[in-house]
Amino acid sequence: MKAAQIVARRRVVVVEVDEPQLTGAGQVKIRLERACLCGSDVPLWDYDHNELAETVQRDPRSAKCVPFVDYVHGDPYPLRVGLSIHECLGTVVASTSDKFQAGDFVLALPDGQTGLCEYICAPDSRTIPLPKGVVPDEQILMTQPLGTVVWACQKLGNIVDCDVAIVGQGPMGLMFARMLGNLGARSVIGLDKLDYRLHAGKKMGATHVVNVDKADAEEAVREITGGKMADLVVEAVGHQTKTLNACMKLVRPLGTLLCFGVPDDVYYPFAYAEFFRLNLNLISTVGPNAVPNFSLARDLIAQGRVDVAPLVTHVLPFEEIQHGYELFTDRGDGAIKVVIDYDSLST
C-alpha cells in the first residue's frame, strides 16, 4: 500500500509498505478516504529531531516533549511510517468487531497518529459510524477535532451570559468560537495575528475580533467587556510557552483559564503569584473519547447545528502531502484546514 514517511526536517515522501492486518477481536481495517492535518501533527514534520535528540542528551529538562520520536537510539530519522495524521475517515474493508462490518463508513483514530497510510487498523473503541452524503466528506471529517472541543466544553459548566476570549483563531480556536457562541456566551472575542483567520472567526460566530499585532489585546478585551475582563479565556495556540501567561492578563478575578493548546515543553514558566491572587480556575483538556465526544460532534455537524464549512480551505491529493504540510505549517494561501484526499491513490 501507499504511505508517507517523514525522512528529514520538513521533508515527507510517499513510500510503499505492507498493508496492516487485523490481529485480534474488536478491530477494523479501514481504507482511508480523507484525513486532515492538525496542529499536533506539525512538530513531527517541522522540528529538527536530530537537534532535539542532542538537547535531550545534554539537558533533558529543557527538551521539548514531542511524542512518537525515539531520541535515545541514534538518528531519529526516518520517523515511523504513517506519521503524522490522526483525523481520519474511510470505509471498513475487514472486521473482527461485532459493531462494524465491511462497507461501513467510519471515523477512526489510528495508532500513534500514523494515519498517513492507505489502510489502517483500529480498535472499535476508537471508531464511530458516520453518515454518508449528509454533508461533504471533508466537513464530516471535522468530527474528530470538534469532538476535542466538545470534551473541553463539557468541563466548563454554564457559560450563558459570559464574556469569553479565545487566544488563537486557527481551526480549533474557530471551533471554540462556534461552540461557545452556541452555548450562550454574551461575547466571543477571537484574538489572532492573521487577518484572514479573524475574518473566518466572524463567520464562525465571534462577536469581536482583535489582531494582536495591531492592537493591545488587554486593552481591547477591557473595552469590549466594559472593564470587567473575560470570564473565560481559552488558550488555543500551544506549541510554545508564551501565551499561557499572556492569557492571564485577559481574565477577570475568579475567572477561568482553559488550556487547550498542545504543549511541546515539559516545563513552562508560569506566573503563579498572579494566578494565585486572581483566584483563577485552571482547566486542562486532552484525550476525548470516541463515544460520547466524537459521536456528539458528528451529530452537531450532520444536523447542521455547527457549520464547519468555513474551516475547509484546501483539499489535496495524497501525493501532494509535502505541499499540504507546507501550506498548513506556514499558513500559506489562507490555509485553515488542509484535507488530504486518499482517493487519488486508486485512480
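The values are calculated or read from the model by the stated rules, or taken from the named source; none is laboratory data. Note that the structure is a prediction, hence the values are computed from the model and not measured. As a convention, Cβ positions derive from the backbone with ideal geometry for all residues, glycine included, and neighbour counts pool all protein chains shown.
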Going by the conditions given, is residue 239 under 17 Å from the mean Cα position of the chain (by Cα), modelled with pLDDT of 95 or more and outside any helix (DSSP H, G or I)?
-> no
Pick from the range 106-135 the residues that are over 27 Å from residue 68 (Cα atoms) and in contact with a helix residue (DSSP H, G or I) (Cβ under 9 Å, 6 or more places away or on another chain): which of them is surrounded by the fewest Cβ atoms within 10 Å (Cβ to Cβ)?
-> 132
Top-ranked residue in the range 160-190 [being part of a strand (DSSP E or B) and without any contact (Cβ under 8 Å) to a residue 40 or more places away in the chain; ranked as surrounded by the most Cβ atoms within 10 Å (Cβ to Cβ)] = 190
Counting only residues that are farther than 21 Å from residue 117 by Cα, out of contact with any Phe, Trp or Tyr (no Cβ under 6 Å at 6 or more places or on another chain) and either hydrophobic (A, V, I, L, M, F, W, C) or part of a strand (DSSP E or B) (or both), the range 313-347 contains a total of 2
Identify, please: which residue in the range 311-325 is in contact (Cβ under 8 Å) with a residue 40 or more places away in the chain and surrounded by fewer than 18 Cβ atoms within 10 Å (Cβ to Cβ) and is, among those, nearest to residue 11 (Cα to Cα)?
-> 322
Subset of the range 12-53, residues at pLDDT below 95 and farther than 23 Å from residue 238 by Cα, comes to 23, 24
Of the conditions (1) more than 18 Å from the chain's Cα centre (by Cα); (2) surrounded by 15 or more Cβ atoms within 10 Å (Cβ to Cβ); (3) farther than 21 Å from residue 337 by Cβ; (4) not polar (S, T, N, Q), residue 263 fails just one. Which one is it?
-> (1)
From the options 153, 162, 121, 117, residue that is modelled with pLDDT of 95 or more and within 25 Å of residue 49 (Cβ to Cβ) | 117
Could you please find all residues in the range 326-341 being small (Gly, Ala, Ser) and either without any contact (Cβ under 8 Å) to a residue 24 or more places away in the chain or within 26 Å of residue 131 (Cα to Cα) (or both)?
-> 332, 335
Could you identify the single residue in 214, 132 that is touching a residue at least 12 places away in the same chain (Cβ under 8 Å), basic (Lys, Arg) and not in a helix (DSSP H, G or I)?
-> 132
What number of residues within the range 225-240 are surrounded by fewer than 19 Cβ atoms within 10 Å (Cβ to Cβ) and closer than 23 Å to residue 195 by Cα?
-> 2
